Amino acid sequence: MPEHIAMIMDGNGRWAQRQGLPRTAGHRAGAENISRVVDICMKHGVKSLTVYAFSTENWKRPVDEVSALMALIPEFCSGRLQDMMKNGVRLRTIGRTSDLPLAARTVLLNTIEKTKNNDKFTLNIALSYGGRAEIVDAVNKMLKDGIKEINEETFRDYLYAGDIPDPAIIIRTGGEMRLSNFLMWESAYSEIYVTDTWWPDFSEEDLVKAFKWFETRDRRFGGIKA
Ligand code: IPE
Ligand code: IPE
Ligand code: MG
């Protein structure tokens, strides 16, 4: 079982529109699905999950949709805290979280602090995250630290979550065959699995299908078949 998996949670809007609901209803259903998927990942022995919740480009969306998404952050944190404590789930974030509204930032910091010693599972939420932004932020930090020369290992330390191993598999729901600026550095050798299922409908059955597919992959990392 891969130690770290990542998911591009796409298709919330289409899921809602399909039922004649506003897009924001899809985001709410999508947020609810995160906890279900965490439970399923834990059950299958995965140690950490990174989910793409909001990209640096998603700020371009209508202000009402952005506000609705931002409002889901404190709701998610306070609604899930008890379960995270009970199940040993540690919350982390990656991205330019300083761009988030104060209410979201405060509750995130609080939840991260409260859950920091939980060691069964890490839920890493990508918020105001962009793969290019991550690389630029890393380089700026290095310049500030006066670093003159780097290698791949030292560069990694400057990423948002340099201590988490690269995701073995990136699952994208909603059918699009692209990374949309997700984990550009970390995805170098990730297996990419795309399903047409919309994120709010993504279930244990879908995840097991993805794992079965992953098992059939021959991960050569540039070498030759063993
Ligand atoms: C993914 O669902 C959630 C975010 C990007 C915030 P979308 O909102 O992109 O849903 P679709 O792709 O329009 O269906
Ligand atoms: C990717 O979905 C970002 C998230 C799931 C948070 P988008 O819906 O923003 O991506 P594009 O626009 O289809 O590439
Ligand atoms: Mg989308």
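The values are calculated or read from the model by the stated rules, or taken from the named source; none is laboratory data. Values in this document were obtained by computation on a predicted structure and should not be read as measured data. Don't worry about glycine lacking a Cβ; one is built from the backbone with ideal geometry, like all the others, and counts go over all protein chains shown. We work out accessible area using only protein heavy atoms, side chains counted, and drop any ligands, DNA or RNA first. Shrake-Rupley method; radii C 1.70, N 1.55, O 1.52, S 1.80 Å.
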**Q.** Anisotropy class of segment 141-182 from Cα gyration tensor, a/c 1.5 cut
**A.** prolate
Q.
Per residue, how large is the accessible surface of segment 1-45? Use a 1.4 angstrom probe and give square angstrom.
A. 46
Q) How much length is gained on full extension from GLU153 to GLU57, taking 0.36 nm per residue of separation minus their Cα-Cα distance? A) 31.7 nm
**Q.** Distance (nanometres) between label positions extended 7 Å along Cα→Cβ at GLU75 and ILE112
**A.** 2.3
Q: Quick one: what are the phi-derived ³J(HN,Hα) couplings along segment 173-181, Karplus 6.51/-1.76/1.60 with θ = phi - 60°, whole Hz, x for glycine and proline?
A: 8, x, x, 7, 8, 8, 8, 6, 6
Q) Using the heavy atoms of the protein chains alone and a 1.4 angstrom probe, what is the accessible area of segment 111-226 per residue in square angstrom? A) 58
Q) Using a 1.4 angstrom probe with every protein chain in place, what is the largest-first accessible-area order of ARG23, ARG217? A) ARG217, ARG23
Q: Could you work out which residue, out of GLU152, GLU32, GLU134, moves most in a Gaussian network model of the chain, that is, has the largest mean-square fluctuation with Cα springs under 10 Å?
A: GLU152
**Q.** Fully extended contour minus Cα-Cα distance, from LEU102 to ALA188, at 0.36 nm per residue
**A.** 27.6 nm
Q.
With a cut-off of 8 Å between alpha carbons and a minimum separation of six or more residues, what is the relative contact order of the chain in percent?
A. 28
Q: May I ask for log10 I(q)/I(0) of the chain at q = 0.09, 0.12, 0.15, 0.17 Å⁻¹, from a Debye sum over the Cα atoms as equal point scatterers with solvent left out?
A: -0.37, -0.66, -1.06, -1.36
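Roughly to the nearest percent, how much of the accessible area of segment 70-212 is carbon and sulfur, given a 1.4 Å probe?
Roughly 52 percent of what the probe reaches on segment 70-212 is carbon or sulfur.
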Q | Accessible surface ranking that places the most exposed of VAL139, VAL38 first, with a 1.4 angstrom probe | A | VAL139, VAL38
Q: Scan around TYR129 for amide H atoms under 5 Å from its own, H built in the peptide plane at 1.01 Å from N, and keep only partners 5 or more places away or cross-chain.
A: PHE54, SER55, THR56, ARG96
Q. For the chain, what is the mean residue ellipticity at 222 nm derived from helices alone (per DSSP H run of n ≥ 4: -39500 (n - 2.57); sum divided by total residues; nearest 500 deg cm²/dmol)?
A. -14000 deg cm²/dmol
Q.
Suppose the chain between ASP64 and GLU176 were pulled fully straight at 0.36 nm per residue; how much longer would it get relative to their current alpha carbon spacing?
A. 37.9 nm
Q | GNM flexibility winner over the chain from LYS209, LYS120, LYS148 (Cα, springs under 10 Å) | A | LYS148
